[in-house]
Structures are given as C-alpha cells and as structure tokens.
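Trainee: Just dropping this structure here.
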Amino acid sequence: MDTGTHLVMGFALGGLATLDPVVADNTLNSHSVLLATIIGSQIPDIDTFLKFRNNAVYIRNHRGATHSIPAVILWPLLITACAALFFPGTNLLHLWLWTFLAVFLHVFVDIFNAYGTQAIRPFSSKWVALGIINTFDPFIFIIHVIGLIIWAIGANPGITFIFIYAIVICYYLCRFAEQWAVKKAVLKIVPNAEKVIIAPTMRYFKWRIVAITDKRLFVAKANKREITILDEYDRVPIPENEVINRAKKDKNIAAFLSFSPIFRWELEELENGYEVRFIDLRYRSKGHYPFVAIVQMDEDLVIKGSYTGWIYNKDKLRKKLDVAPR
C-alpha cells in the first residue's frame, strides 16, 4: 500500500489497541503503543530511501529484505526497545505485541497488490503479489479516515475499528471474487491461456490484464467483467547472442528482469551500436507501456547509458540515458 494508507492504518491500530485492558487502563501504555503502531506501520518501507541511489537498487530491494520474515521479527523488537527509552515503565510485552501486529499487517497488506513483496524470504526470493488491491485504494484509505474522524469526535476507538476492519475484510473478499470473475471472462476469450495476470486499478471494476499462451501475449483491460483486447504480441524467447547477453549484465536490465514477470523485448541496431529494450506489459496506460528498461551500447558492446523505471515520454527517456552512469 501507499505511505498514506499505512499511516492511517498505524493510527487505527493504536485505536484498536484500546480493546486491550493493559493498554486502555494506563495512559503511558496507550501513548507508547500508539506511537509504536504508527512507526511499525511505516518502518518496512524504510527501503524507499534507496530511490536516492538509483532505480536499479530500488527495484531490486524495495519490499525485499525489509519485508522478509526476519525483518517482521526484528522490527518490532527494535521499535519496542527504542520506545522503552522514551516511555520508561511501559508494559513491554503488550507494546511488543501491538508493534508486531503493525509490522506484520504492513507486510501482509502489501501482498495483495500487483507489486507484491518478497515476504517469504529467506526461504524464497519469489515475489508474492496477489493483485487484488491497487497500491492506493480509495475505499480502504477513506474508510480509515472516517474511522479516525469518528474517534476524534468521541466514539470508542476499539469498537469503531473493529467495525471498520470487519468492513475491510468483506471488501477484500469482494475483490477476490471480482478478480476471479474477471479471470473466468478472460479465459472465455483466450481459452488456451497458460497464465493470466490481473492487476487492479483505483477503480473497482477496472483491471489491467495480460494473458499468456504458448505463442502469443495478449494485453487487455476489463470493465465490469467485459474484456477488451488492446494489444497482441508474438511470444518470442529472449535470444542467446552477444548483444543481449551483454545487455542482461547491465545493472538496470538485471534489476528489471529480477522484478518483471511478463515483458517483451526489442533489439535495434543504431548507427554506432545497439539499443536493447525490455517493456513490462502489466502497466499499459493510454496506449503506452511506461515501465521499461533500456540499455545503449556501442559497436564494441561497451554500455554508453542505461535506465530502468517509469517513462511517459521519449524526451525524458533520452535525458535519463544521457545522465546514466557509463
């Protein structure tokens, strides 16, 4: 989920914690738990700072180690230890329990969007992405804000957020059902699909779709379970040649390939070298595929520039390639 949603969820968990008598009956405990749930709901995304290094490092590592099983265990211990310094005498067991819930819930809800997480590391580096909730879901954010407003005007926060989370659980179940119905509709149009990737959008009934057969790639959209094929491509394996193999060693290309489950590739001979492009098919928007990885090489296969990330126009891409480290 996005930072704003994680933030309101942290406050909501602090309110939910008032159902715990140890928290509710002691001001010190309630204040320490509220602070810890807010921090715990944010801290797995501390790897966002990797964006300041470069996109390759960010893509390879965001929602990786910081969302792993060891991290889910260690973050609550670290937050509890730090909180205890500022709130001496607070109940450490209950502080840890609610902090653990905040961290766990952050990682858990991230599994449900199209980006996903490496939540089962160190057992597997596979990305777990169920693809039923958009990174920012207006309904989930707004219902949390409503709960916080109800709390602010004097309602019991524990009871308020029990009710709110019951609604959210039902919402998730409805999203699963909707995704399943969309997949059935896709299979009626592409019955020989080996795999169907369905990505949510901010609109409840609209989905992005990629259907994969043994020979073709179909990019489509769904609106109220009505499927529209937008693009079709031949499914062409990545060739084994010197140009492609050199490109795959570039850090930006390697980061893209480690993250993207479905893409097409292009190789173009330039006047003084080559350009290799990898294009993620999951994010088609207004006829454009914005998530790409590109590398340019000279005739001797020396990399002149490369980039991976979100690009919405060619001018921006050329600027990125011009400033890319050689």
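The values are calculated or read from the model by the stated rules, or taken from the named source; none is laboratory data. Fair warning: this is a prediction, and the values are worked out from it, not measured in the lab. Positions of Cβ are generated from backbone atoms using ideal geometry, with glycine treated the same way; all protein chains shown enter the neighbour counts. Side chains included, ligands, DNA and RNA excluded: accessible areas come from the protein's heavy atoms. Shrake-Rupley method; radii C 1.70, N 1.55, O 1.52, S 1.80 Å.
Trainee: Condition check: in a strand (DSSP E or B) and touching a strand residue (DSSP E or B) at 6+ places or on another chain (Cβ under 6 Å). Does Ala255 satisfy that?
Mentor: Numbers: in a strand (DSSP E or B): no; touching a strand residue (DSSP E or B) at 6+ places or on another chain (Cβ under 6 Å): yes.
It is false that Ala255 is in a strand (DSSP E or B) and touching a strand residue (DSSP E or B) at 6+ places or on another chain (Cβ under 6 Å).
Trainee: On to the next question. Restricting to region 58-83, and then to whatever is free of Cβ contacts under 8 Å to residues at least 40 places away in the same chain and small (Gly, Ala, Ser), can you tell me which residue is most open to solvent (accessible area, probe 1.4 Å)?
Mentor: Ranking the candidates gives Ala81 first.
Trainee: Another question, if that's okay. Please specify each residue of region 187-197 satisfying the condition of being surrounded by 14 or more Cβ atoms within 10 Å (Cβ to Cβ) and in a loop (DSSP other than H, G, I, E, B).
Mentor: Scanning region 187-197 gives Val190, Ala193.
Trainee: Considering only region 95-134, state which residues are closer than 24 Å to Ala81 by Cβ, within 15 Å of the chain's Cα centre (by Cα) and not in a helix (DSSP H, G or I). Talk me through it step by step, then tell me what you get.
Mentor: Just the residues of region 95-134 that are closer than 24 Å to Ala81 by Cβ, to begin with: 95-108, 119, 121-122.
Then drop every residue that is not within 15 Å of the chain's Cα centre (by Cα), which leaves 105-108, 119.
The answer is Ala119, and nothing else.
Trainee: Here is a follow-up. If you take the residues of region 234-257 that are closer than 20 Å to Ala211 by Cα and out of contact with any helix residue (DSSP H, G or I) (no Cβ under 8 Å at 6 or more places or on another chain), which of them is surrounded by the most Cβ atoms within 10 Å (Cβ to Cβ)?
Mentor: Arg235
Trainee: Looking at Ala24, is it more than 30 Å from Glu178 (Cα to Cα), modelled with pLDDT under 95 and open to solvent by less than 20 Å² (accessible area, probe 1.4 Å)? Spell out how you get there, then give the answer.
Mentor: Details: more than 30 Å from Glu178 (Cα to Cα): yes; modelled with pLDDT under 95: yes; open to solvent by less than 20 Å² (accessible area, probe 1.4 Å): no.
So Ala24 does not fit the description; no.
Trainee: Given the residues Ala222, Ala324, which is the only one that is modelled with pLDDT of 90 or more and either over 30 Å from Gln179 (Cβ atoms) or touching a strand residue (DSSP E or B) at 6+ places or on another chain (Cβ under 6 Å) (or both)?
Mentor: Details: Ala324 fails: modelled with pLDDT of 90 or more.
Result: Ala222 is the single residue among Ala222, Ala324 that is modelled with pLDDT of 90 or more and either over 30 Å from Gln179 (Cβ atoms) or touching a strand residue (DSSP E or B) at 6+ places or on another chain (Cβ under 6 Å) (or both).
Trainee: Just checking, which of Met1, Met9 is buried (at least 20 other Cβ atoms within 10 Å of the Cβ), assigned to a loop (DSSP other than H, G, I, E, B) and touching a residue at least 60 places away in the same chain (Cβ under 8 Å)?
Mentor: Values: Met9 fails: assigned to a loop (DSSP other than H, G, I, E, B).
Met1 is the lone residue from the list that is buried (at least 20 other Cβ atoms within 10 Å of the Cβ), assigned to a loop (DSSP other than H, G, I, E, B) and touching a residue at least 60 places away in the same chain (Cβ under 8 Å).
Trainee: Out of everything in region 43-57 that is in contact (Cβ under 8 Å) with a residue 12 or more places away in the chain and open to solvent by 50 Å² or more (accessible area, probe 1.4 Å), what residue ends up being farthest from the chain's Cα centre (by Cα)?
Mentor: Checked region 43-57; the qualifying residue farthest from the chain's Cα centre (by Cα) is Ile46.
Trainee: Here's a check for you: in region 271-307, which residue that is out of contact with any Asp or Glu (no Cβ under 9 Å at 6 or more places or on another chain) and part of a strand (DSSP E or B) is least open to solvent (accessible area, probe 1.4 Å)?
Mentor: It comes out as Asp280.
Trainee: For Ile39, are the conditions met, namely being within 17 Å of Ala81 (Cβ to Cβ), hydrophobic (A, V, I, L, M, F, W, C) and without any contact (Cβ under 8 Å) to a residue 24 or more places away in the chain?
Mentor: Values: within 17 Å of Ala81 (Cβ to Cβ): yes; hydrophobic (A, V, I, L, M, F, W, C): yes; without any contact (Cβ under 8 Å) to a residue 24 or more places away in the chain: no.
Criteria not met by Ile39.
Trainee: Is it true that some residue in region 154-174 is open to solvent by 80 Å² or more (accessible area, probe 1.4 Å), free of Cβ contacts under 8 Å to residues at least 24 places away in the same chain and among the small types (Gly, Ala, Ser)?
Mentor: The answer is no, given that none of the residues of region 154-174 is open to solvent by 80 Å² or more (accessible area, probe 1.4 Å), free of Cβ contacts under 8 Å to residues at least 24 places away in the same chain and among the small types (Gly, Ala, Ser).
Trainee: Within region 198-222, which residues are within 23 Å of Phe139 (Cα to Cα) and either open to solvent by 10 Å² or more (accessible area, probe 1.4 Å) or without any contact (Cβ under 8 Å) to a residue 24 or more places away in the chain (or both)?
Mentor: Ile198, Thr201, Met202, Arg203, Tyr204, Phe205, Lys206, Arg208, Lys221
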